1. Just give me the residues in segment B:169-183 being assigned to a helix (DSSP H, G or I) and closer than 19 Å to B:Leu128 by Cβ, in sequence order.
2. Is it the case that some residue within segment B:12-20 is away from chain A (no Cβ under 14 Å), outside any helix (DSSP H, G or I) and farther than 20 Å from B:Ala186 by Cβ?
3. Scan the helices (runs of 4 or more DSSP H) fully inside segment B:95-156 and keep the ones with 1 or more residues being surrounded by fewer than 22 Cβ atoms within 10 Å (Cβ to Cβ) and of a type in the set (Asp, Glu).
4. Look through segment B:53-78, keep the residues that are facing chain A (nearest Cβ under 10 Å) and in a helix (DSSP H, G or I), and return whichever of them is surrounded by the most Cβ atoms within 10 Å (Cβ to Cβ).
5. Name the residues in segment B:184-215 that are assigned to a loop (DSSP other than H, G, I, E, B) and either surrounded by 15 or more Cβ atoms within 10 Å (Cβ to Cβ) or within 12 Å of chain A (Cβ to nearest Cβ) (or both), would you?
6. Within segment B:134-183, track down each residue that is within 11 Å of chain A (Cβ to nearest Cβ) and more than 29 Å from B:Leu109 (Cβ to Cβ).
Amino acid sequence: KDGSAAKDEL
Amino acid sequence: MNIFRLAGDMTHLASVLVLLLKIHTIKSCAGVSLKTQELYAIVFATRYLDIFTSFYSIYNTLMKLIFLGSSFSIVWYMRYHKTVRRTYDREQDTFRHWFLVLPCLLLALLIHEKFTFLEVLWTFSLYLEAVAILPQLVLLQRTRNIDNLTGQYVFLLGGYRGFYILNWIYRYLTEPHFVHWITWIAGLVQTLLYADFFYYYFQSWKNNKKLQLPA
């Protein structure tokens, strides 16, 4: 699920 | 979480606090672009739509609420507060910021990681944030006297994405598969837009002169 990896950023 | 991202978030937080401090204490928004503030409110509204559906950490949710709350309250102050709204230089803040929204929306519809409602709006918020500062930079060029708080606000706002670039490099090097070209390019463009402001900001700081951008 690398796509969500950037979603943990603000 | 890494030190670069934390530094970026704290710098970003400091920028909104400096602006809120200025507006709340001296009841003035002189030199501040309402257009940029409205664009940022849209950026956060479209970036944090997942605030109720996906939970990462207390920190993440708390910061999202702070950024949403601060950006909308700054817009409210500048539009409706009886004293602050009089200090807004409407004639100078004339950038057609809606001309930024549409191209970013179209670009997000064309270039995104997944074609879902949330993902397209999230990508839109990345593109919009990259250009959201333009009305403010144009306004700074017009209003010769840039007061310290406004200068610090723009400086911190520009610095936070610079820390994020270091964070993306760190995550690319330490996390397998952490590749997000869209985020990286938008973040780089955003930081580069501040390049000339940073140059003149440092010049004024080094020569201990008032910050003045060339017309």
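1. Taking segment B:169-183 first, the residues assigned to a helix (DSSP H, G or I) are B:169-174, B:181-183.
Within segment B:169-183, B:Trp181, B:Ile182, B:Thr183 qualify.
2. no
3. In segment B:95-156, the matching helices (runs of 4 or more DSSP H) lie at B:117-131.
4. B:Phe67
5. Scanning segment B:184-215 gives B:Tyr194, B:Leu211, B:Leu213.
6. B:Pro176
Read-outs throughout are calculated quantities, based only on the coordinates presented, and are distinct from any laboratory measurement. None of these values were measured; they are calculated from a predicted model. For neighbour counting, all protein chains shown are included, and Cβ atoms are generated from backbone atoms with ideal geometry for every residue, glycine included.
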